[in-house]
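Have a look at the structure below, then the notes.
Where a number appears in this text, it was derived from the coordinates with a stated rule and is not lab data. Just so it is clear, the model here is predicted, and its values are computed rather than measured. In this analysis, Cβ positions are derived from the backbone assuming ideal geometry, glycine residues included, and neighbour counts consider all displayed protein chains.
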Amino acid sequence: MKRDFDVVIVGGAMAGAGVAALLATNPGTAALRIALLEPKPVTAPAAGEALELRVSALSRASQRLLELTGAWPAVLARGAAAYQRMTVWEEHATPDGPGALHFDAAELGEPDLGHIVENRTVQAALMERAMAAGVVLLRAGFASFETSDDAVRVATTDGRDYGAALVIGADGSESAVRLQSGIATRGWDYEQRAVVAHLSCQQAHRHTAWQRFLDTGPLALLPLGDGRVSLVWSTTPALADELIRSSASDFSARVTAASAAVLGRLEVTTARASFALRLVHARRYAAARVALIGDAAHTVHPLAGQGINLAFMDAAALVDVIGAALKAGDDPGELAVLRRYERWRKAETLPAIALLDGIKRLFYGGDAMQSRLRRAGLDLVESSGPIKRLLMQRALGVAGEVPASVRRPPS
Ligand SMILES: Cc1cc2nc3c(=O)[nH]c(=O)nc-3n(C[C@H](O)[C@H](O)[C@H](O)COP(=O)(O)OP(=O)(O)OC[C@H]3O[C@@H](n4cnc5c(N)ncnc54)[C@H](O)[C@@H]3O)c2cc1C
């Protein structure tokens, strides 16, 4: 079968644009011919345009991917905000009393714990770097694929088809690539919705990410560069509906109360949106000539802000594995090569998914006994140096096996 490209990436949101940019700029894989299929237009926000609702907490390791691909300056220029601290507390505790957990970058000798970035800016900056490095953007959707021994043929919604060695499914939690590959998923609906909005706050956010575990789900306030905070309130579908439909003043008052007025009075400054939350975990991340990354492989609860960080580490691990295969003279689309990627990433993502799911369950429900247990657990972590350090290193993305393509250069 003729190969028009070496790699066809399906989906050009953050994960797809990230793997495209890293493949095209990493010395071990830069010679590959890469196509990126994304039907939706991708444009960077104009200077002065209001900050969008979808923002993410990016780990240090993800930042490294953006730095190495050359996308980071554009993300910084849009006001990416570093946060140095994180405070987590339980509904029946106070943020500065027992039952609260405090993370501080200084404890690890780090300048910050991560950055709050605008999703659209990250996507557009990575896309721009990918194209500058020779990635071909195809403005069409993925329709189907067919594999043979030596290649995969990808058909697109505009009636074309392209031969390649490998197709990467970065097409989100409803991944058509995953479906076509016959890869089953496990998971469930969390029966929660995440309500998002940006709010101004009476007191300075002190570059701290605040998270209060309410009995009905976690409420997070992420510090933005302009002094506001970004709300991610995961709650019951009924309350989410009410919050979306309430007046601006009622909504502001409810968020202020639900956050225990930790930043004083909060005032909503944007529209509101809500997202259904569910766990989707692909049983396999690879099949013959197919690899899955990002939400296509694992869609997780946003409570620890891990989704895109896991996706970027998938991208980096895949780039490492493909680079090693090319160096050894192997075909990067062969299942034996892709299984290496799958084993590596499953070893990293399975504990993360189990931990997120466990936290979500432990913190859900208003039983007094459960609540005491939660406070005791948070106290235990707060007073245990090693566990706390490990959790902070996990949040920074510097624990576990960090792919060479995004590892820090030796200082
Ligand atoms: C409320 C909320 C808050 C969150 N906060 C954080 C956070 O703070 N930190 C964090 O790390 N994560 C966070 N996440 C998770 C994070 O947003 C996701 O994990 C991440 O955006 C997934 O990116 P992706 O590129 O894998 O998939 P998606 O963003 O779903 O992108 C899929 C892409 O594929 C394209 N596509 C789909 N079908 C096709 C097709 N047939 N052909 C071609 N293209 C196709 C789509 O157009 C889209 O561009 C949050 C999630 C939610 C809901």
At 222 nm, what helix-only mean residue ellipticity would the chain give, in deg cm²/dmol to the nearest 500, using -39500 (n - 2.57) for each DSSP H run of four or more?
-11000 deg cm²/dmol
Measure off 7 Å from each Cα along the Cα-to-Cβ vector at A155 and A143, then give the distance between these two points in nanometres to one decimal.
0.6 nm
Rounded to the nearest 10 degrees, the helix 119-132 long axis (Cα) sits at an angle to the longest Cα principal axis of the chain of 20 degrees
In nm, what is the difference between 0.36 nm times the number of residues separating E67 and D226 and their Cα-Cα distance?
55.0 nm
Rounded if a/c is under 1.5, else prolate if a/b beats b/c, else oblate: with a ≥ b ≥ c from the C-alpha gyration tensor eigenvalues square-rooted, which is region 266-382?
prolate
In nm, to one decimal, how far is the A324 label point from the D379 one, both placed 7 Å along Cα→Cβ?
4.5 nm
Treat the count of other C-beta atoms within 10 Å as a stand-in for reagent exposure and order F213, F312 from fewest to most.
F213, F312
Specify which residue in the list A271, A376, H298 is farthest towards the positive end of the charge dipole of region 225-380, using unit charges on the beta carbon of Lys, Arg (+1) and Asp, Glu (-1), about the Cα centre.
A376
Restricting to Cα pairs under 8 Å and 6 or more apart, the percent relative contact order of the chain works out to 22 percent
Where the only charges are on Cβ atoms (+1 Lys, Arg; -1 Asp, Glu), what is the dipole of region 1-62 about its Cα centre, to the nearest 20 debye?
180 debye
Restricting to aspartates and glutamates and to Cα separations under 12 Å from K346, and discarding same-chain partners fewer than 8 apart, the set is D314, E401
Lys/Arg +1, Asp/Glu -1 at C-beta; the chain dipole; positive extreme among P403, F213, L166
P403
Which of W233, W89 has the fewest other C-beta atoms within 10 Å, and how do the rest follow up to the most?
W89, W233
By how many nm would the segment from E174 to R206 grow when fully extended, if each residue of separation counts as 0.36 nm and the alpha-carbon distance is taken off?
7.7 nm
Total charge dipole magnitude, region 113-176, about the Cα centre, Cβ charges on Lys, Arg, Asp, Glu only, Debye to nearest 20:
260 debye
Can you figure out the FRET efficiency of D189 with V136, using R₀ = 45 Å and their beta-carbon distance, to the nearest 0.05?
0.75
Post the alpha-carbon centroid distance, region 39-102 to region 211-254, in whole angstrom.
17 Å
Where nothing but the Cβ of Lys and Arg (+1) and of Asp and Glu (-1) is charged, how large is the charge dipole of the chain around its Cα centre, in debye to the nearest 20?
300 debye
Of the DSSP beta bridges with both residues in region 1-156, give the percent that are antiparallel, rounding to the nearest 5.
70 percent
Enter the angle in degrees (range 0 to 90, nearest 10) between the Cα long axis of helix 60-69 and the first principal axis of the Cα atoms of the chain, meaning the one along which they spread out most.
40 degrees
Each label sits 7 Å from Cα toward the beta-carbon; between A50 and I244 the label points are separated, in nm, by 1.8 nm
Likely footprinting exposure, L108, L335, L37, fewest C-beta neighbours within 10 Å first:
L335, L108, L37
Along the principal axes of its C-alpha atoms, what lengths does the chain span, in descending order and rounded to whole Å?
64, 42, 42
